[in-house]
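The values are calculated or read from the model by the stated rules, or taken from the named source; none is laboratory data. From a predicted model like this one, the values you see are computed outputs, not experimental measurements. Positions of Cβ are generated from backbone atoms using ideal geometry, with glycine treated the same way; all protein chains shown enter the neighbour counts. Quick note on the areas: whole protein, heavy atoms, side chains included, nothing else; ligands and nucleic acids left out. Shrake-Rupley method; radii C 1.70, N 1.55, O 1.52, S 1.80 Å.
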Amino acid sequence: MANWTVDQSHSSIGFSVKHMMVSKVKGAFDSYSAQIEAADLADLSTANISFAIDAASINTRSEDRDNHLKSADFFDAEQFPKITFQSTSIEKSGDDYKVTGDLTIKDVTKPVTFDVEFNGKGTNPWGQAVYGFEAETSINREEFGLTWNAALETGGVLVGKDITISVELEVNPA
């Protein structure tokens, strides 16, 4: 098994959620670390993947909203500074994968499955191998203790319960 590094300048961990039942708010986590071990990333099924995301690095392009998301109403980033993911199984289907693992938010751990697309392998200008992947999953935020909400006068709620998590990775040898 070899160790692989996520090139954070060419990668992202983002999310989207319904806002006021009519639009979506998108955001990202700007600080995270990853450990990927695999014999060869051309076949991700051999991999062991883990991520640790700094909850306080949430960025929705609104300081007031970000501060609310960091508070005890949502992530409680002071008490629960890390969001983690640890793969438990990986199934291959053509160039795509189902990566299942344990996602932990606010000390609540639930299994989730990411649909992962292998975007290919290239060589950067310095002769180093580069692999690209896109991954997506959806979770119910309430199952992870993110239950704050506000009822709208027109019906519905301010924040949707379903969160789409999108990960784009560029990976190279450590």
Quiz item: Do the conditions hold for LYS92, that is, is it open to solvent by 80 Å² or more (accessible area, probe 1.4 Å), assigned to a strand (DSSP E or B), under 19 Å from PHE144 (Cβ atoms) and among the charged types (D, E, K, R)?
Solution: no
Self-check item: Answer from ASN67, ASN48 - the residue that is at pLDDT 95 or above, out of contact with any strand residue (DSSP E or B) (no Cβ under 8 Å at 6 or more places or on another chain) and open to solvent by 30 Å² or more (accessible area, probe 1.4 Å)
Solution: ASN67
Quiz prompt | Pair list, Cβ < 7 Å and 6+ apart or interchain, from segment 33-54 residues that are closer than 30 Å to PHE75 by Cβ to residues that are open to solvent by 20 Å² or more (accessible area, probe 1.4 Å) and acidic (Asp, Glu) | solution = ALA47/GLU37; ASN48/GLU37
Exercise. Working only within segment 122-144, note down all residues that are open to solvent by 60 Å² or more (accessible area, probe 1.4 Å) and under 24 Å from LYS92 (Cβ atoms).
Key: THR123, GLU134, GLU136, SER138
Quiz item: So which of LYS121, LYS106 is in contact (Cβ under 8 Å) with a residue 40 or more places away in the chain, basic (Lys, Arg) and in contact with a helix residue (DSSP H, G or I) (Cβ under 7 Å, 6 or more places away or on another chain)?
Solution: LYS106
Quiz item: Hey, any hits in segment 133-147 for a residue that's of a type in the set (Val, Ile, Thr) and in contact with a strand residue (DSSP E or B) (Cβ under 6 Å, 6 or more places away or on another chain)?
Solution: yes
Quiz prompt | Positions within segment 1-45 being over 25 Å from SER93 (Cα atoms), open to solvent by 60 Å² or more (accessible area, probe 1.4 Å) and either among the aromatic types (Phe, Trp, Tyr) or modelled with pLDDT under 90 (or both), in sequence order | solution = LYS18, MET20, MET21, VAL22
Self-check item: Members of segment 95-121 that are within 17 Å of GLU170 (Cα to Cα) and open to solvent by 30 Å² or more (accessible area, probe 1.4 Å)
Solution: ASP95, ASP96, ASP115, GLU117, PHE118, ASN119, LYS121
Quiz item: So which residues in segment 73-89 are part of a loop (DSSP other than H, G, I, E, B), open to solvent by less than 50 Å² (accessible area, probe 1.4 Å) and closer than 16 Å to ALA52 by Cβ?
Solution: PHE75, ALA77, PHE80
Quiz item: What is the one condition in (1) aliphatic (A, V, I, L, M); (2) over 17 Å from TYR32 (Cα atoms); (3) open to solvent by 40 Å² or more (accessible area, probe 1.4 Å) that ALA56 does not satisfy?
Solution: (2)
Quiz prompt | Residue list for segment 60-85, filter: in contact with a Phe, Trp or Tyr (Cβ under 8 Å, 6 or more places away or on another chain) and either acidic (Asp, Glu) or within 22 Å of PHE133 (Cα to Cα) (or both) | solution = ASP73, ILE83, THR84, PHE85
